[in-house]
1. Got a sec to turn the phi values of the stretch 32-49 into Karplus ³J(HN,Hα) couplings, 6.51 cos²θ - 1.76 cosθ + 1.60 with θ = phi - 60°, whole Hz, x for Gly and Pro?
2. Please name whichever of 98, 112, 81 sits farthest to the positive end of the charge dipole of the stretch 52-112, dipole taken about the Cα centre and charges placed at Cβ: Lys and Arg +1, Asp and Glu -1.
3. Based on the inverse mean of 1/r over its pairs of different Cα atoms, what is the Kirkwood hydrodynamic radius of the chain, in Å?
4. Eigenvalues of the Cα gyration tensor times 5, then square-rooted: what semi-axes does that give for the stretch 52-112, in whole angstrom, largest first?
5. If the only charges are +1 at each Lys and Arg Cβ and -1 at each Asp and Glu Cβ, what is the size of the charge dipole of the chain around the Cα centre, to the nearest 20 debye?
6. Taking H as built 1.01 Å from N, whose amide H comes closer than 5 Å to the amide H of residue 6, not counting residues under 5 places away?
7. When only C-alpha pairs under 8 Å and at least 6 residues apart count, what is the relative contact order of the stretch 52-112, in percent?
8. What is the fewest-to-most order of 103, 36 by other Cβ atoms lying within 10 Å of their Cβ?
Amino acid sequence: MSKSKGIGDSIEKITKATGIDWFVRTFIGDCGCDDRKAWLNQKFPYKGELTPEEVQELDKIFDQPREVLSRKDANTIFRIYNRVFHQNKKPKNCQSCNKTVIRNLVALYVKAK
């Protein structure tokens, strides 16, 4: 089995292991499970996973060569970082202080691409 990307994948594994999936598909038919799984994975991804929307936001930031991040871009990076890593960090005025956050987020971004 593949690694769960979010809570939707985990629920699917549970329903398959318990036979609920078979029962529902046999007696009810399509109940929208696949759409619900995708929605749950998007809304509740596991730690270390970027949502497609976050990848798009980071595309706009990382695809531009620059020396210094704007405050708006820094806030976006920290918002995404805090959600993914379950942290509550704030951007600092010192760029070198932000390097660890940016480095960790870039690693996930590259993995998601």
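1. Those phi angles translate into x, 4, 5, 5, 5, 4, 4, 5, 5, 4, 6, 7, 10, x, 6, 3, x, 10 Hz.
2. 98
3. On the way: mean 1/r = 0.0621 Å⁻¹.
This gives a value of 16.1 Å.
4. Values: eigenvalues 51, 42, 22 Å².
Computed over the stretch 52-112, the values are 16, 14, 10 Å.
5. Values: 22 positive and 14 negative charges, 130 e Å.
For the chain, the charge dipole is close to 620 debye.
6. 46
7. Working: 24 pairs, mean separation 20.9, N = 61.
Relative contact order, the stretch 52-112: 34 percent.
8. Working: 103 9, 36 13.
The most exposed by this proxy come first: 103, 36.
Readers should treat all values here as calculations from the given coordinates under stated rules, not as data from a laboratory. Because the structure is predicted, anything quoted here is derived from the model rather than measured. No Cβ is skipped: glycine too gets one built from the backbone with ideal geometry, and neighbour counts run over all protein chains shown.
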